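One structure is given below, encoded as structure tokens.
Coordinate-derived values only; no laboratory data. Keep in mind that what you see is a predicted model, and the values were worked out from it rather than measured. Because the Cβ atoms are built from the backbone with ideal geometry, glycine has one as well, and the counts that use them run over all protein chains shown.
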Amino acid sequence: VLEEMKGIQRGRLNISVATTAIYFAPTLLGAFHKRYPGIGVSMDVANRETLLQQLENNEIDMAIMGQPPEELNMVADAFLYNPLVVIAPPDHPLARQKNIDPVRLADEVFVLREPGSGTRSAAEKFFSRRGVQLRTAMVMSSLEAIKQAVQASLGLAIVSTHTIKQELELGRLVVLDIKTLPIQRQWYLVHREDKRLSVVAQSFKDFMLAEASKLLS
Ligand code: PGA
């Protein structure tokens, strides 16, 4: 136990997080750092495809992603709700409507994330099941750029609610009231099944599963 305590007082955590997770991961890492100040943390930011590669190549302790991989041998634990919504500028005609039929979105254009984004693939799957082909106005890999584009009326976008807290508060964006939305997803902590987690990595996992939801509510 003493040896383990030492391990937690020092050491290093290497994680990668999905692009979307930058809106909440630093808050969680801040709380983790407060509890274990001796641990150095390195956090890489990448889209879903890249995270999968990093896990496969054993380059990181674990990843935070929006959908656990099915094919690979990974352990995935859900730790936080991740609802996806459609955003628009406040003066958009749909902004005043209630209970909008998803089919109506076929008439709109979207600023979509890049191929390889988990948000994008979840959104495309969700809408194609409802017979809606999303029309692309532009593709952008940065959420900040997407939010700016939506504010500039280039199109609608589908994003996690974690990304838009400030814009909603400031009245710069609105969430459209669409039937069957939000798209219900979860955030997962993912590592290889055959990974021998370091004491540090295990402490991080325990911390996240116990605290993340509380810290961000
Ligand atoms: P991303 O997020 O869209 O930033 O890749 C991952 C996910 O939500 O699955």
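Quick check: pseudo-label points 7 Å beyond the Cα along Cα→Cβ at S198 and V109, how many nm apart are they?
Simple spin-label model gives 4.8 nm for this pair.
How large is the helix-only mean residue ellipticity at 222 nm for the chain, computed as the sum of -39500 (n - 2.57) over DSSP H runs with n ≥ 4, divided by its residue count, in deg cm²/dmol to the nearest 500?
Dividing the helical sum by the residues of the chain leaves -9500 deg cm²/dmol.
Of all alpha-carbon pairs in the chain, indicate the percentage at a distance above 28 angstrom.
Of all Cα-Cα distances in the chain, 34 percent exceed 28 Å.
Got a sec? Charge dipole of the range 167-217, +1 on Cβ for Lys and Arg, -1 for Asp and Glu; which of S213, H191, L170 is way out at the positive end?
Sorting the options by dipole projection puts first H191.
Gap in Å between the Cα centre of the range 120-153 and the Cα centre of the range 31-80?
Each part reduced to its Cα centre gives a spacing of 25 Å.
Roughly how tilted is helix 25-35, in degrees to the nearest 10 and between 0 and 90, from the longest Cα axis of the chain?
Taking Cα atoms only, the helix is inclined about 30 degrees.
Given K147/K205; K98/K165; K34/K205; K125/K179; K147/K179; K125/K205, which pairs have Cα atoms separated by over 26 Å?
The answer is K147/K205; K125/K205.
From the residues N58, L154, A18, which one has its Cα farthest along the dipole of the chain in the positive direction, the dipole being from +1 and -1 charges on Cβ of Lys/Arg and Asp/Glu about the Cα centre?
L154
Relative to the longest principal axis of the C-alpha atoms of the chain, give the angle of the C-alpha long axis of helix 199-215, reported between 0 and 90° and rounded to the nearest 10°.
40
Report Rg (one decimal) and Dmax (nearest whole number) for the range 84-175, counting Cα atoms only, units Å.
For the range 84-175, the Cα-based Rg and Dmax read 12.2, 34 Å.
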